[in-house]
Amino acid sequence: MSASDERCAGAAGYAPHPYIGGRTAVLRALAAWRMRWPGAPRVIVLTGSPGSGRSRLLTGFLMMCDPDGRRQLPLDQMDPATVPPDLPAPAVPDPQGRTAAQLLWLLADHFRLNAARGEDICTELAAREEPVTIVVPDVDRAGPVRAADEPARVVREVLTPLATTGGVQLLADVPRALAAELARALPPGQARIIDLDDPEWADPAGLVRHAETALAPGAGVPELPFATDPSARRALAEAMAQRAGGSRLTLQLAVQSLFMRPEGFDPADPAMLPGSVGEALDLHARRLGADPLTLRLLLAPLALAEGEGEGLPVQLWGPLADAVAGRDMSRDLADGMLLAAPFLQPVATAERDGADGGEPDGAQGGEEAGGTADGGRTLLRLMHPGIAEEIRAGLPDVRGAQTRIAMALLEAVPEQDWSRADPYVRDHLAAHTLDAGLLPQLLTDPGLFAHADPVAMRAAIEAVPLEQLGAPARTYLRIAPLLTRTQAPAAVRAAFLESAFVEDGLAPYAQALHGLGFALPWRTLWSVPLTGVRAVTAGSLPPPDAEGVAAEATAARATDGAGAAARHPVAALFVPEGTPGSRPVPDADGAADMDGATGALLVHDLLRPGYIDADPARLRRPSEEARATACFGFSRGTDSLRIWARASREVVATLLSDTPITGADLSPDGVLVVATGRGVTARQILAAPPAAAPTVPGQRTGPPDSAASDGLEGDH
């Protein structure tokens with residue numbers, strides 16, 4: 001299988017692949033891989049320089065692997081050795097914009113695996129009876145943050161484990177710098193690198209055919225003398241292909257530039273034809289009478305944009321161009337649309353809004369940014385990542401440019417209100433600041449933490465050494481897996497962050513979240529880092545009598561009115577014996593844990609931080625009547641808890657935990673006490689209970705309160 005196969009296929013009269021237009025040698029190798037031909041490698045690593053056509057090649061090959069796609073292709077006219085067998089379509093997880101962990105879980109979802117951890121996914125794939133086929137395209141586009149080098153993580157954390165898993169047949173398109181690393185992970189003969197720039201896989205005839213097709217007159221294409229005459233068109237196509245040196249991208253840019261401004265073009269002058277992407281940019285500028293540096297400065301904001309596939313809002317293009325250039329570029333931008341047009345591509349708003357990892361529509365997202373569900377936004381991106389790579393490589397000071405971009409993005413936030421910021425600003429400011437080397441200084445704003453896309457924010461923070469992060473950033477990083485797993489809207493993220501800040505002793509940051517306009521479901525009152533708590537109970541202590549002796553009988557009889565109001569609300573924490581400050585559980589209450597081992601109690605103030613030194617025998621639980629007439633009830637799972645209004649049975653708040661919940665209780669006045677493997681936290685429920693419908697009967701019809709405590713009075 002080599003370049004000589006191209007000539008053999010042409011001599012045999014086979015039709016080329018209508019989408020690829022060549023690449024016979026590579027298609028034969030991929031077809032042999034797909035059918036598991038004897039001697040074919042189990043793993044193929046496809047690579048090449050940016051613009052070599054890897055994505056197009058894989059797309060064309062996957063057309064023949066898909067049952068619906070096969071029906072649209074003239075397979076009976078094509079070289080049989082290039083056509084894979086009619087098998088079920090392979091799994092094709094898309095890494096664009098995703099982290100390595102997200103890519104793994106895409107595979108787990110596709111194959112319906114029961115893995116609880118990412119490291120178990122390959123183990124479960126290996127245990128399947130039938131082998132699986134996986135194709136991973138565009139690894140170079142992985143990750144929400146460029147500086148985090150997610151492609152390398154995908155190769156090391158996803159592709160290498162897959163490649164070394166028996167029963168997995170893998171085809172992956174990876175950057176050249178990572179191709180050898182992936183192939184080295186396997187014994188000789190199990191992996192093969194196909195480098196599209198290597199002469200073995202070259203396709204000069206296909207490149208000429210590509211140019212000839214692009215030059216042919218058609219809809220929207222001007223009728224030019226060197227395009228309408230077949231022989232002239234063929235000669236120009238051959239010259240373009242030879243000059244492009246195998247780069248499909250260079251050839252495409254040359255054709256687009258030519259059609260944009262055909263005046264003065266001499267097909268016989270080789271100086272008119274670019275030999276690289278950089279030359280295509282510079283030649284186009286000169287043919288339009290512009291300075292090539294001006295074109296590069298205009299395109300630089302798009303080249304430096306994060307989330308390249310999502311696009312940059314057009315209203316930010318001008319301010320960011322000014323920032324990169326260090327001068328006013330408004331006139332250049334107004335006069336330069338024809339100059340920049342061959343290198344730009346509009347992005348469909350629905351494509352961006354539907355991207356995974358973004359804010360769900362209607363959840364602190366498009367409405368807050370101003371506008372409708374699509375935000376009324378026009379988005380632009382460079383038509384190929386290879387253009388962005390060329391422009392970035394030519395910038396003399398990328399870090400300085402990113403610093404100025406970050407400052408311009410901050411200025412674009414209306415009155416520093418993140419709820420009104422453009423989604424691009426709030427989601428990608430951290431990545432720009434990371435490139436500028438200034439991210440730790442940014443990570444002090446709780447509003448940004450709540451509004452930014454958690455996937456992008458987490459990836460940016462993880463790229464900074466932990467010792468350089470301040471306390472708020474470390475708190476964010478601690479709960480980031482919870483935020484990314486739930487993909488909750490901003491208000492829910494703010495609630496999780498509010499509790500996390502209190503848990504980590506950052507109460508001012510928690511308080512700041514309450515002043516940002518969020519309808520938070522709770523206010524976190526206190527948190528103690530106490531491990532080993534088996535259960536919690538919300539109760540009260542009776543007031544002492546005038547002689548300093550507890551008025552036990554009075555407190556026991558008091559269920560309403562002044563007696564109840566005088567009692568001191570507390571939380572009883574059921575802890576292992578020997579816990580400092582604890583007291584043994586009174587035998588009379590029958591409080592022992594489920595294993596029969598006796599325990600102890602710590603008494604904590606319910607409404608404010610601080611332990612209370614009190615005799616556990618004095619503790620009183622709310623009466624059943626008080627619980628039945630309370631506004632809220634709750635239901636508890638292993639790591640989640642729901643608060644619901646008793647009258648309407650509607651859920652008013654949901655709590656998720658990154659560690660198992662070991663105990664929970666809810667006081668009649670709506671203070672939720674939860675114990676996890678991390679500690680104990682009390683939250684005052686703020687949500688207003690929905691009014692009951694008139695037809696709701698008075699008796700209990702919903703789920704009973706969760707079995708929340710094994711403390712003084714057992715389950716309830």
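The values are calculated or read from the model by the stated rules, or taken from the named source; none is laboratory data. In this text the structure is predicted, and so the values were computed from the model without any measurement. Because the Cβ atoms are built from the backbone with ideal geometry, glycine has one as well, and the counts that use them run over all protein chains shown. For the accessible areas, the whole protein counts, side chains as well, though only heavy atoms, and no ligand, DNA or RNA atoms are used. Shrake-Rupley method; radii C 1.70, N 1.55, O 1.52, S 1.80 Å.
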Exercise for the section: Evaluate the following for GLY167: is it open to solvent by 10 Å² or more (accessible area, probe 1.4 Å) and farther than 23 Å from TRP33 by Cβ? Expected result: no
Practice task
Could you look through segment 624-658, keep only residues that are among the β-branched types (Val, Ile, Thr) and at pLDDT below 90, and pick out the one that is nearest to the chain's Cα centre (by Cα)?
Solution key: THR638
Practice task
Would you point out the residue of segment 177-191, among those that are assigned to a helix (DSSP H, G or I), in contact (Cβ under 8 Å) with a residue 24 or more places away in the chain and over 25 Å from the mean Cα position of the chain (by Cα), that is nearest to VAL45 (Cα to Cα)?
Solution key: ALA183
Practice task
Working only within segment 461-499, note down all residues that are part of a loop (DSSP other than H, G, I, E, B) and among the aliphatic types (A, V, I, L, M).
Solution key: ALA463, VAL464, LEU469, ALA488
Practice task
Would you please name the residue that is farthest from LEU379 (Cα to Cα), looking only at residues in segment 295-313 that are of a type outside the set (A, V, I, L, M), open to solvent by less than 10 Å² (accessible area, probe 1.4 Å) and outside any helix (DSSP H, G or I)?
Solution key: GLU306
Problem - Residue count, segment 67-89 (criterion: without any contact (Cβ under 8 Å) to a residue 24 or more places away in the chain, assigned to a loop (DSSP other than H, G, I, E, B) and within 18 Å of TRP33 (Cα to Cα)) - result: 2
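For segment 244-259, name all the residues that are within 17 Å of THR213 (Cα to Cα) and either open to solvent by 30 Å² or more (accessible area, probe 1.4 Å) or outside any helix (DSSP H, G or I) (or both). Lay out the reasoning, then the answer.
First pass over segment 244-259, keeping only residues within 17 Å of THR213 (Cα to Cα): 244, 246-259.
If the condition is that a residue be within 17 Å of THR213 (Cα to Cα) and either open to solvent by 30 Å² or more (accessible area, probe 1.4 Å) or outside any helix (DSSP H, G or I) (or both), then GLY246, SER247, ARG248, GLN252, GLN256, PHE259 are the ones that fit.
Residue by residue through segment 210-231, note down the ones that are surrounded by fewer than 18 Cβ atoms within 10 Å (Cβ to Cβ) and either of a type in the set (Phe, Trp, Tyr) or at pLDDT 90 or above (or both).
Within segment 210-231, just SER231 meets the criteria.
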Exercise for the section: Tell me, please, whether a residue that is modelled with pLDDT of 95 or more, open to solvent by less than 10 Å² (accessible area, probe 1.4 Å) and of a type in the set (Asp, Glu) can be found in segment 188-206. Expected result: no
Handout entry: Residue match in segment 425-432 (condition: among the charged types (D, E, K, R) and in contact with a Phe, Trp or Tyr (Cβ under 8 Å, 6 or more places away or on another chain))
Key = yes
Handout entry: Identity of the residue in segment 408-418, aliphatic (A, V, I, L, M) and within 16 Å of TRP317 (Cβ to Cβ), that ends up surrounded by the most Cβ atoms within 10 Å (Cβ to Cβ)
Key = LEU409
Problem - Complete set of residues in segment 120-153 that are open to solvent by less than 10 Å² (accessible area, probe 1.4 Å), in a helix (DSSP H, G or I) and either more than 19 Å from ARG42 (Cβ to Cβ) or hydroxyl-bearing (Ser, Thr, Tyr) (or both) - result: GLU150, ALA152
Handout entry: segment 517-543 residues that are open to solvent by less than 20 Å² (accessible area, probe 1.4 Å) and assigned to a strand (DSSP E or B), paired with ones that are modelled with pLDDT of 90 or more and aromatic (Phe, Trp, Tyr) (beta carbon under 6 Å, 6 or more apart)
Key = ALA535/PHE574
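Does ALA321 satisfy the criteria of being open to solvent by less than 40 Å² (accessible area, probe 1.4 Å) and in contact with a Lys or Arg (Cβ under 6 Å, 6 or more places away or on another chain)? Don't jump to the end; show me each part of the working.
Numbers: open to solvent by less than 40 Å² (accessible area, probe 1.4 Å): yes; in contact with a Lys or Arg (Cβ under 6 Å, 6 or more places away or on another chain): no.
When the stated conditions are applied, ALA321 does not pass them.
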Exercise for the section: Report yes if some residue within segment 93-113 is touching a Ser or Thr at 6+ places or on another chain (Cβ under 8 Å), open to solvent by less than 50 Å² (accessible area, probe 1.4 Å) and either at pLDDT below 95 or assigned to a loop (DSSP other than H, G, I, E, B) (or both); otherwise report no. Expected result: no
Handout entry: Boolean, ALA25 is more than 35 Å from the chain's Cα centre (by Cα), open to solvent by less than 10 Å² (accessible area, probe 1.4 Å), modelled with pLDDT under 95 and of a type in the set (A, V, I, L, M, F, W, C)
Key = yes
Fill in the blank from the handout: Filtering segment 415-425 for residues that are in a helix (DSSP H, G or I) and over 21 Å from ALA321 (Cβ atoms) leaves a count of 5
Handout entry: Test result for SER527, more than 41 Å from the chain's Cα centre (by Cα), at pLDDT 90 or above and hydroxyl-bearing (Ser, Thr, Tyr)
Key = no
Practice task
Any residue in segment 295-323 that's without any contact (Cβ under 8 Å) to a residue 24 or more places away in the chain: show its pairings with residues that are outside any loop (DSSP other than H, G, I, E, B) and buried (at least 24 other Cβ atoms within 10 Å of the Cβ) at Cβ separation under 9 Å, as long as the two are six or more apart or on different chains.
Solution key: GLY318/PRO301
Practice task
Could you please give the count of residues in segment 30-49 that are part of a helix (DSSP H, G or I) and of a type in the set (A, V, I, L, M, F, W, C)?
Solution key: 4
Handout entry: Checking LEU27 against (1) closer than 28 Å to LEU249 by Cα; (2) in a helix (DSSP H, G or I); (3) without any contact (Cβ under 8 Å) to a residue 24 or more places away in the chain, the condition it does not meet
Key = (3)
Problem - Given (1) over 36 Å from the mean Cα position of the chain (by Cα); (2) in contact (Cβ under 8 Å) with a residue 24 or more places away in the chain; (3) not in a helix (DSSP H, G or I), number of the condition GLY206 does not satisfy - result: (3)
Completion exercise
Counting only residues that are surrounded by fewer than 23 Cβ atoms within 10 Å (Cβ to Cβ), hydrophobic (A, V, I, L, M, F, W, C) and within 23 Å of PHE501 (Cβ to Cβ), segment 419-442 contains a total of 2
Handout entry: Residues (at pLDDT 55 or above and touching a Ser or Thr at 6+ places or on another chain (Cβ under 7 Å)) located in segment 585-613
Key = VAL585, ALA600, LEU601, LEU602, LEU606
Practice task
Could you tell me whether any residue of segment 626-635 is of a type in the set (D, E, K, R), touching a residue at least 24 places away in the same chain (Cβ under 8 Å) and open to solvent by 50 Å² or more (accessible area, probe 1.4 Å)?
Solution key: no
